[in-house]
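Asks: Below is a structure I'd like to ask you about.
Rule-based calculations on the coordinates, nothing more; no lab input. Just so we're clear, the structure is a prediction, and the values are computed from it rather than from any experiment. Glycine gets a Cβ as well: all are built from the backbone with ideal geometry, and neighbour counts include every protein chain shown.
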Amino acid sequence: MIDMKRFLSGGAVIQPIWVFVVAITIFFSVMSDHFLSLGNLTNILVQTSTIGLIALGMTYVMINGNIDLSVGATLGLAASLSVGLQDYGITVAVLAAIASGVVLGAMNGLIVWKTGVNAFIVTLGAMIGVRGLIFVYTEEQSFYASNFAFSDFGISTIGPIPVLAIIFLLCALLMHLVLKKTVHGRNTFAVGGNPEAALDAGIRIGRNMTINFIIVGFFAALAGVLLATQMGASTPNLGRDYELWAITAVVLGGTKLTGGFGSITGTLGGVLAIGVLRNGMNMMQVPAFYVLVILGVILISVLIIDQKISVKSSRGVQV
């Protein structure tokens, strides 16, 4: 017999978000003859890969009980560097872009660790500052890739599968294994679930949190580079609101805002739910803003259900 509390909280093998993904996939496949075509399905994966990569790192940070609002700006900076530094070679440009994400992530983590200031405030400041830095660096101008090999990568495929989709899925698999099979993954849950107990157990809380901020910074920068290859360009405003989409995907996937619980499989489901909704409604010629309304309602509903389950669980423990 299925334990409904465990199922609804995401602890079951079949997570609720995947039930939702299957349901809306069936709905859109009935409404559109072309929805289940290989081309459209791979298109969904490519469209969601950018937000998906950020969401992978955000899952670790949120399991820790923190949040990173600077990922959209980090993406924008990395995209600008990967295009703007191509005169020094693609390799140098890409490495500089990825390094910028790692450095910004490390800075966020160290500030949160050493000062004790809430991650929301620290990363909000970083978001504003980095976005300003992008405008200074680009002089408010868009950059266009000078090397066609860079742009060609964004549309390349291996067989029928786009390379960007493959990169996203491989990264998701890697991050799932790290979270479930390594000491760092177990420590991430411990720090988010009960910091005091984690400290008593000898876990270096600050180090664990900083590593996770570095991870999300890396993935935000990687997403920026890959998005720039798709566009063959970068703009100063690139990445705006991406932090909100990533956080939405993570929360839809069952990760608790208070920390201590979450999964990469759930996040992957949340990312695909957003991608399927946006793609399916677009094929039905529904205005894009309706997707925002629907996602907002779904997100609030998920949080209300999660809160009720948490309250009932805590009462059960007290009894």
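Asks: Hey, what do the phi angles of the range 208-214 turn into as Karplus ³J(HN,Hα) couplings, whole Hz, using 6.51/-1.76/1.60 and θ = phi - 60°, x for Gly and Pro?
Replies: 4, 5, 5, 4, 5, 5, 5
Asks: List the residues whose amide H sits under 5 Å from the amide H of G260, counting only those 5 or more places along or on another chain, with H placed 1.01 Å from N in the peptide plane.
Replies: For G260, the qualifying residues are N64, G65, G192, G193.
Asks: How big is the Rg/Rh ratio for the range 144-293, C-alpha atoms only, Rh by Kirkwood, two decimals?
Replies: Details: Rg = 18.1 Å, Rh = 17.7 Å.
Ratio value, two decimals: 1.03.
Asks: Applying the Karplus parametrisation 6.51 cos²θ - 1.76 cosθ + 1.60 with θ = phi - 60° to the phi angles of the range 128-138, what ³J(HN,Hα) value in whole Hz is obtained for each residue in order, glycine and proline being reported as x?
Replies: 5, x, 5, 4, x, 4, 4, 5, 5, 5, 8
Asks: Another question, if that's okay. Based on other C-beta atoms within 10 Å, arrange F148, F189, F135 from fewest to most. List each step's numbers first, then the result.
Replies: Details: F148 9, F189 18, F135 14.
With the sparsest Cβ surroundings first, the list reads F148, F135, F189.
Asks: Using θ = phi - 60° and the Karplus form 6.51 cos²θ - 1.76 cosθ + 1.60, what ³J(HN,Hα) does each residue of the range 289-306 get, whole Hz, x for Gly and Pro?
Replies: 5, 5, 4, 5, 4, 5, 5, x, 5, 4, 4, 4, 4, 4, 5, 5, 4, 4
Asks: Can you tell me which of 136-147, 251-262, 75-86 comes out highest on packing, and rank the rest after it, using the mean Cβ neighbours within 10 Å? Don't skip to the answer; put the middle values down first.
Replies: Numbers: 136-147: 14.6, 251-262: 22.2, 75-86: 27.3.
The peptides rank, most packed first, as 75-86, 251-262, 136-147.
Asks: Placing unit charges on C-beta atoms (Lys and Arg positive, Asp and Glu negative, everything else neutral), compute the dipole magnitude of the chain about its Cα centre in debye, rounded to 20. All intermediate terms of the calculation are to be shown ahead of the outcome.
Replies: On the way: 15 positive and 12 negative charges, 211 e Å.
It comes to approximately 1020 debye.
Asks: Along the Cα→Cβ direction, 7 angstrom out, place labels at V30 and N147. What is the inter-label distance in nm?
Replies: 5.0 nm
Asks: How big is the Cα convex hull of the chain in projection, averaged over all directions, in nm²? The partial results should precede the final answer.
Replies: Values: hull surface 72.6 nm².
Averaging across all directions leaves 18.1 nm² for the Cα convex hull.
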